[in-house]
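The values are calculated or read from the model by the stated rules, or taken from the named source; none is laboratory data. What you see is a predicted model; the values in this text were computed from it and never measured. Because the Cβ atoms are built from the backbone with ideal geometry, glycine has one as well, and the counts that use them run over all protein chains shown. What goes into the accessible areas is simple: the full protein's heavy atoms, side chains included, and nothing from ligands, DNA or RNA. Shrake-Rupley method; radii C 1.70, N 1.55, O 1.52, S 1.80 Å.
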Amino acid sequence: MKNDKLLTIITSLLFVSGLASVGWALFSGIQIKTASIEPPNLDCVHASQLHMMRRSDLGPLLEKDRQYKVLIGYYACNPVQRGDLVFFQFSDTLRPVVRVVRGIPGDRAEIRATDGGHWEVWVNDKPVQGADGPFRLSDPTTPPPLAKNLEDRGGVLKEDEYLVMTFLPPGTADSLNLGPTPAVQIAGKVMPLPKPQP
């Protein structure tokens with residue numbers, strides 16, 4: 001009789017333990033799938049170009065004289081993401097420039113004045129960062145043209161609107177001066193190449 005009760009208890013414990021193990025395995029699988037990064041889709045890349053960075057306005061993200069590769073057409077089948085380095089075609093007559101995506105559709109963006117007489121770009125209630133802290137413009141009298149663009153939109157980037165900027169102030173040929181840009185002006189994804197070994 002005692003053996004039967006003991007066997008029943010052991011069987012019940014094994015059953016519960018088995019259920020817990022299955023539950024943990026399912027939970028872990030879901031967590032791993034959620035955390036995993038989908039590989040990029042390269043089907044839409046129709047050209048790959050090699051360039052040399054000629055300016056220093058991207059600071060440590062892409063130093064002057066550093067080589068980089070551009071995947072042309074990449075964003076035809078991949079979403080533009082905040083923080084991407086992109087090949088920005090702001091004019092049909094001038095060659096594209098490399099810029100950082102600072103805002104994507106649906107983001108809340110604004111230009112804020114600081115107590116120290118600077119202007120800062122804020123996206124989703126956080127200041128956009130530069131090389132040494134917040135990206136700051138030092139002209140206290142005139143906010144950048146982007147301020148008016150954002151006010152006209154109620155501070156929210158519309159569908160197919162992106163903020164692309166340099167990494168170091170003051171910012172040229174970017175959204176600070178030209179306003180939000182449509183995806184059609186983003187020609188490709190920029191990938192810095194490893195620095196040559198000395």
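Some notes on this structure:
- Taking every residue in region 53-64 that is in contact (Cβ under 8 Å) with a residue 40 or more places away in the chain and pairing it with any residue that is in a loop (DSSP other than H, G, I, E, B) and of a type in the set (Phe, Trp, Tyr), at least 6 positions away or on another chain, the pairs with Cβ-Cβ distances below 9 Å are Asp57/Phe167; Leu58/Phe167; Gly59/Phe167; Pro60/Phe167; Leu61/Phe167; Leu62/Phe167.
- Which listed residue, of Asp139, Asp160, is at positive phi, open to solvent by 40 Å² or more (accessible area, probe 1.4 Å) and not in a helix (DSSP H, G or I): Asp160
- Out of Val100, Val128, sole residue that is closer than 21 Å to Tyr74 by Cβ and not charged (D, E, K, R): Val100
- Of all residue pairs spaced 6 or more apart or on separate chains, those with beta-carbon atoms under 7 Å, a first member in region 141-161 that is among the aliphatic types (A, V, I, L, M) and a second member that is open to solvent by 70 Å² or more (accessible area, probe 1.4 Å) and modelled with pLDDT of 95 or more are Leu150/Glu110; Val156/Arg108.
- Residues satisfying the stated conditions in region 140-182, i.e. among the β-branched types (Val, Ile, Thr) and under 21 Å from the mean Cα position of the chain (by Cα): Val156, Val164, Thr166, Thr172, Thr181
- Asp115 being out of contact with any strand residue (DSSP E or B) (no Cβ under 8 Å at 6 or more places or on another chain) and open to solvent by 30 Å² or more (accessible area, probe 1.4 Å): yes
- Qualifying residues in region 59-70 (those that are touching a Pro at 6+ places or on another chain (Cβ under 9 Å) and open to solvent by less than 20 Å² (accessible area, probe 1.4 Å)) - the one nearest to Val190 (Cα to Cα): Val70
Let's see how each residue does on (1) modelled with pLDDT of 95 or more; (2) part of a loop (DSSP other than H, G, I, E, B); (3) farther than 25 Å from Gln129 by Cβ; (4) of a type in the set (Lys, Arg):
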site	(1), (2), (3), (4)
Lys5	no, no, yes, yes
Ile9	no, no, yes, no
Pro39	no, yes, yes, no
Phe90	no, yes, no, no
